[in-house]
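Accompanying notes for the structure given below.
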Amino acid sequence: MKVKIVELRFGRYGQLEPVRMSITNIAKKVSIARSTVYKIIQQYKVNDGMISGLPEKQQRKKILTEEVAAVLKDPKTLREWAHLSLEARCAILKEQHDIQISRYTLSNYYKQLQVGYLKTHSSFYSARSEEETARLRVEYIKKIVGHMRRNREIIYMDETTTDMWAIRNKIW
C-alpha cells in the first residue's frame, strides 16, 4: 500500500521529484484518509526516498464477545431488563461483566444482534395477586356504599393520564 502511494505521488519508488498526483487524489484513489497519505509521504521524504515501517494502527479490543452477545440476546435477560434504560443496562454490564460501554454503543450492539426496539403494550401491572386485588376492590366498594348510604358527597378524580409520562413507550 505504501509503495503504491509513493508511486502515485512521484511516479516511481525511490524518486522525490516531480510530484505527479495530489495527496487528496491519492487518498481518494486508494480509499484511505488524506492525513494517512500525508504521513506516509512525509516519512518517505524524511528517509530520503525509502519507506520505513510506520507503526500500524492498533486494533481496538473487541467488547462484544460471544459471552456478552449471548447475555444481550438472551430472552430471559431482555424480559428482566425491559423496564431499564440503556444507561441502567450499561451500569449492569459494567458491574456484572466489567464491560464499560456507552448507551450508543449498546444501542448499536442491539441493532447488530437484531434485537428490536419495540413499542410496549400499555397495561396495568400490579405486584398484588388477583385474589388480593379482588379483596381490596370489594373493601373499596363497601366503603363507597357506606358513604352513599350516609348521603355524603363523593368526588371522583381520574388519575389515569397523570402518570403516563413515566411509562416507557418503547423497549429493547
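The values are calculated or read from the model by the stated rules, or taken from the named source; none is laboratory data. What you are looking at is a predicted structure, and each value in this text was computed from that prediction instead of being measured. With ideal geometry, Cβ positions are generated from the backbone for all residues, glycine too; neighbour counts draw on all protein chains shown.
Residues in the stretch 1-8: is at least one farther than 30 Å from Tyr109 by Cα, touching a Gly at 6+ places or on another chain (Cβ under 9 Å), outside any helix (DSSP H, G or I) and at pLDDT below 80? No: the stretch 1-8 contains no residue that is farther than 30 Å from Tyr109 by Cα, touching a Gly at 6+ places or on another chain (Cβ under 9 Å), outside any helix (DSSP H, G or I) and at pLDDT below 80. Taking the criterion of being assigned to a helix (DSSP H, G or I) and surrounded by 13 or more Cβ atoms within 10 Å (Cβ to Cβ), the residues of the stretch 80-96 that qualify are Leu86, Arg89, Cys90, Ala91, Ile92, Leu93. Contact annotation: no residue pair with Cβ atoms under 7 Å, 6 or more positions apart or on different chains, pairs a residue in the stretch 42-67 that is at positive phi and modelled with pLDDT of 75 or more with a partner that is hydroxyl-bearing (Ser, Thr, Tyr) and exposed (fewer than 13 other Cβ atoms within 10 Å of the Cβ). When the test is whether a residue is in a loop (DSSP other than H, G, I, E, B) and modelled with pLDDT of 80 or more, Ala70 does not pass it.
When residues in the stretch 128-170 are screened for being modelled with pLDDT of 65 or more and either in contact with a Cys (Cβ under 7 Å, 6 or more places away or on another chain) or not in a loop (DSSP other than H, G, I, E, B) (or both), 21 of them pass. Inside the stretch 16-44, residues that are in a loop (DSSP other than H, G, I, E, B) and of a type in the set (Ser, Thr, Tyr) make up a count of 2. Summed over the stretch 86-99, the residues that are at pLDDT below 85 and on the phi < 0 side of the Ramachandran plot give a count of 2.
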